[in-house]
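Working notes, beginning with the structure itself.
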Amino acid sequence: MIIKVEAIIREEKLQDVLDALAEMNVHGITCYQVMGCGTQRGMKSYVRGHQEVEIHMLPKIKLEILVSTEEWEQKTIEAIQKVAYTGNIGDGKIFSYDVRNAMRIRTKETGADAIQPE
């Protein structure tokens, strides 16, 4: 079984999340800078101190992590939620779903073997 955990988090929480995952020995992480909106629907900003501008898409970080068991899925989700939490709108979302297969290109290992550390 392979499970993909995706998290959309605030930019300023990235290092905290990476540190928490490293502490758990979760190292296979892909990270993207993305733009998005949700309940928050953007924010208002001021240009040159006086002209109001509405920003609809906010910068976020997207993390993708593959794990090999439901136990690791739960541990990963709990760690991300704990350190990414601020209690404010815009904290993000976490998704998880099954992955049909994975392959390590260099060794041709497949399935859970492909995502385990060497």
*asked:* Can you tell me how many residues within region 50-98 are more than 27 Å from GLN116 (Cβ to Cβ), free of Cβ contacts under 8 Å to residues at least 40 places away in the same chain and not charged (D, E, K, R)?
replied: 10
*Top-ranked residue in region 47-93 [being in contact with a Phe, Trp or Tyr (Cβ under 8 Å, 6 or more places away or on another chain) and farther than 25 Å from GLU23 by Cβ; ranked as least open to solvent (accessible area, probe 1.4 Å)]*: VAL53
_Residues (among the hydroxyl-bearing types (Ser, Thr, Tyr) and either assigned to a helix (DSSP H, G or I) or farther than 23 Å from THR69 by Cβ (or both)) located in region 15-35_ = TYR32
_Scope region 66-106; condition closer than 13 Å to ALA7 by Cα and in contact with a Ser or Thr (Cβ under 6 Å, 6 or more places away or on another chain); matching residues_ = GLU73
*Spot the failing condition for GLU12; the list is (1) open to solvent by 90 Å² or more (accessible area, probe 1.4 Å); (2) in a strand (DSSP E or B); (3) at pLDDT 95 or above; (4) not hydrophobic (A, V, I, L, M, F, W, C), and only one is missed.*
(2)
*Check region 94-111 and report whether any residue there is within 13 Å of the chain's Cα centre (by Cα), on the phi > 0 side of the Ramachandran plot and surrounded by 14 or more Cβ atoms within 10 Å (Cβ to Cβ).*
no
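When you scan region 18-37, how many residues do you find that are open to solvent by 40 Å² or more (accessible area, probe 1.4 Å), more than 10 Å from the chain's Cα centre (by Cα) and on the phi < 0 side of the Ramachandran plot? Can you show your working first?
The initial filter retains those residues of region 18-37 that are open to solvent by 40 Å² or more (accessible area, probe 1.4 Å), namely 18-19, 22-25, 27-35, 37.
Pick out the ones that are also more than 10 Å from the chain's Cα centre (by Cα) and you get 19, 22-25, 27-28, 33-35, 37.
Remaining after also requiring on the phi < 0 side of the Ramachandran plot: 19, 22-24, 27-28, 33-35, 37.
So the count comes out to 10.
Quick check on GLN116: is it open to solvent by 50 Å² or more (accessible area, probe 1.4 Å), under 20 Å from GLU23 (Cβ atoms) and either of a type in the set (A, V, I, L, M) or at pLDDT 95 or above (or both)?
no
Regarding region 17-30, can at least one residue be identified that is among the small types (Gly, Ala, Ser), closer than 19 Å to MET1 by Cβ and in contact with a Pro (Cβ under 9 Å, 6 or more places away or on another chain)? Lay out the reasoning, then the answer.
First, the residues of region 17-30 that are among the small types (Gly, Ala, Ser): 20, 22, 28.
This time we only want the ones that are closer than 19 Å to MET1 by Cβ, so: 28.
Now drop any that are not in contact with a Pro (Cβ under 9 Å, 6 or more places away or on another chain), which leaves 28.
So far as region 17-30 goes, yes, one or more of its residues are among the small types (Gly, Ala, Ser), closer than 19 Å to MET1 by Cβ and in contact with a Pro (Cβ under 9 Å, 6 or more places away or on another chain).
The values are calculated or read from the model by the stated rules, or taken from the named source; none is laboratory data. This is a predicted model, so every value here is computed, not measured. All Cβ positions, even for glycine, are placed from backbone atoms using ideal geometry, and neighbour counts span all protein chains on display. The accessibility values were calculated without ligands, DNA or RNA, using every heavy atom of the protein model including side chains. Shrake-Rupley method; radii C 1.70, N 1.55, O 1.52, S 1.80 Å.
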